[in-house]
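These notes are about the structure you will find just below.
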Amino acid sequence: MGKRILKIIICQFALIFYWAWLYKAGDLIDNQALMNLMSFSIIGTIYGFIHTEISKEEDKKSHGAFIFLSFFLFALALNKNLSPIIFMGLGLGTSLFYIKKNLRTNRARHISVLPVSRKMTQVASLVLLLVFTAIIYLLDLEGPVIHIFYQIIFFAYCLLFYLFLRDREDVYEEVFKLFYMSEYLGEERENFARLIHDEVLQDIFAAKNYLSLSEPRVDLARDILTNLNGRLRKIMKFYQTRLFEDFGIEENIQGVFENLASLYPEKKTKIDQKISDDLRDSASKEEVRLISTITKELVNNIYKHSEATYIFYRLYEDEDFILMEVESDGMREEDFKNIQDSKRGVLLLKMLIRTKEGEIAYEDRKGSLYTRIKIRRYRDENSFIR
């Protein structure tokens with residue numbers, strides 16, 4: 001939402017600057033009545049634009065062009081060497097057409113340009129107007145200067161509203177992530193409980209029943225438990241991210257690739273994996289655990305959601321960061337959109353990376369998915385070096 005208001009803020013700032021420049025150059029319109037009409041028309045138009053941008057359902061590129069055109073026409077109307085009345089009329093016409101087409105009155109009636117109630121906004125505006133009028137009377141300011149200050153005050157209102165929206169959006173984004181994280185973890189617990197019931201407990205009870213017969217069927221119980229052992233190993237491989245607690249990063253990453261490959265035996269995906277010598281020798285246990293977790297999530301998604309014939313994997317360090325590059329083919333056009341819109345696994349992966357002062361970027365390379373992850377290296381909290 002903040003981005004919609006930002007284009008209005010930028011145009012408003014440019015108009016005020018141009019207005020002041022015309023006044024200094026002596027090219028500002030002289031007609032005081034026309035100046036009054038122009039000033040309040042611009043304020044009303046901006047007020048309408050803000051309500052329209054917030055209440056409309058969809059933001060299109062053409063909408064920005066309409067807003068820019070309206071401000072441009074108003075700017076031309078301020079120049080006395082042109083045709084102020086004609087350009088002001090064109091600016092008002094363009095603005096009203098855009099507002100009437102996109103404004104949703106049922107939503108707009110609840111909007112206030114300050115982060116307080118509508119009533120308090122009106123009170124604040126009235127008090128500010130009275131104070132400003134008194135100062136104008138005492139200082140005996142010229143008409144053009146008065147209107148420039150009016151525009152600056154309204155610009156301040158709009159800027160505060162924009163900053164308020166940005167702050168609320170940041171809070172909403174964090175709440176949104178926490179909500180989906182809790183929902184995702186809840187579903188994971190339910191799925192794991194169902195998995196234990198369907199894949200483990202049923203077979204254990206069946207084996208117990210065979211062994212409890214008057215003539216125990218040890219052979220059938222043995223077959224059931226043998227099959228159960230194989231399934232449990234697959235479950236272990238799926239949930240396990242770090243295999244060798246006392247080994248380095250190369251052994252653990254290799255184990256992740258081998259485990260995931262065994263879960264998808266029908267897919268013949270070639271692995272091109274390389275870890276830099278410096279990172280192989282210097283990665284801490286915390287870094288190995290984090291990188292193994294991220295690698296497992298990325299590679300499992302490739303196996304699960306694409307028909308990749310190869311996976312290109314590179315891991316190296318760059319000053320205070322660890323860089324991971326993963327590329328694979330077999331991506332469909334809708335797959336990249338699903339990654340961008342993901343509210344589950346990919347979202348949680350992004351949260352995990354950002355908590356480590358890192359960043360993740362996806363790139364569509366004509367059917368190949370390229371992923372680049374940057375993570376800050378762990379620091380010794382007892383060190384004086386920061």
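Summary table below
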| quantity | calculated |
| --- | --- |
| Ranked by how many other beta carbons lie within 10 Å on average, peptides 13-19, 357-363 from highest | 13-19, 357-363 |
| Backbone HN-Hα couplings from phi across the range 69-83 [Karplus 6.51/-1.76/1.60, Hz, Gly and Pro as x] | 4, 4, 5, 5, 5, 5, 5, 5, 5, 6, 8, 5, 7, 9, 10 |
| Amide hydrogen neighbours beyond the local backbone of residue 321, cut-off 5 Å, H modeled | 377 |
| Given charges at Cβ of Lys, Arg, Asp, Glu: the range 2-176 dipole, positive-most of 11, 48, 97 | 97 |
| Long-range HN-HN contacts of residue 331 with modeled amide H, under 5 Å | 369 |
| In Hz, Karplus ³J(HN,Hα) per residue of the range 200-216 (6.51, -1.76, 1.60; θ = phi - 60°; x = Gly, Pro) | 10, 4, 4, 5, 5, 5, 5, 5, 4, 5, 5, 7, 8, 5, 4, 10, x |
| Taking 309, 269 and counting other C-beta atoms within 10 Å, the order from fewest to most | 309, 269 |
| Cα centre as origin, Lys/Arg/Asp/Glu Cβ charges: the range 267-376 dipole, Debye | 560 debye |
| Relative contact order for the range 2-176, counting Cα pairs under 8 Å that sit 6 or more residues apart, in percent | 31 percent |
| Listed peptides 40-53, 156-169, 128-141 by packing density, highest first (mean Cβ within 10 Å) | 40-53, 156-169, 128-141 |
| Burial ordering of 152, 253, 54, fewest other beta-carbon atoms within 10 Å first | 152, 54, 253 |
| Descending Cα extents along the principal axes, the range 2-176, whole Å | 53, 37, 25 |
| Order of 220, 22 - criterion: other Cβ atoms within 10 Å of each residue's Cβ, fewest first | 220, 22 |
| Over the range 17-82, relative contact order from alpha-carbon pairs under 8 Å, at least 6 apart, % | 61 percent |
| The range 267-376: radius of gyration and largest Cα-Cα distance (Dmax), Å | 13.7, 40 |
| Förster radius 35 Å - calculated FRET efficiency between residue 362 and residue 254, Cβ distance, rounded to 0.05 | 0.90 |
| By average C-beta atoms within 10 angstrom, highest first, the peptides 193-199, 78-84 | 78-84, 193-199 |
| ³J(HN,Hα), Karplus 6.51/-1.76/1.60, whole Hz, each residue of the range 138-154, x for Gly, Pro | 5, 8, 6, 6, 6, x, x, 5, 4, 5, 5, 5, 4, 5, 5, 5, 5 |
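No value in this document is a laboratory result; all are computed from the given coordinates. What you see is a predicted model, and the numbers here were worked out from it, not measured in a lab. Please note: Cβ atoms are built from the backbone with ideal geometry, for glycine as well, and neighbour counts cover all protein chains shown.
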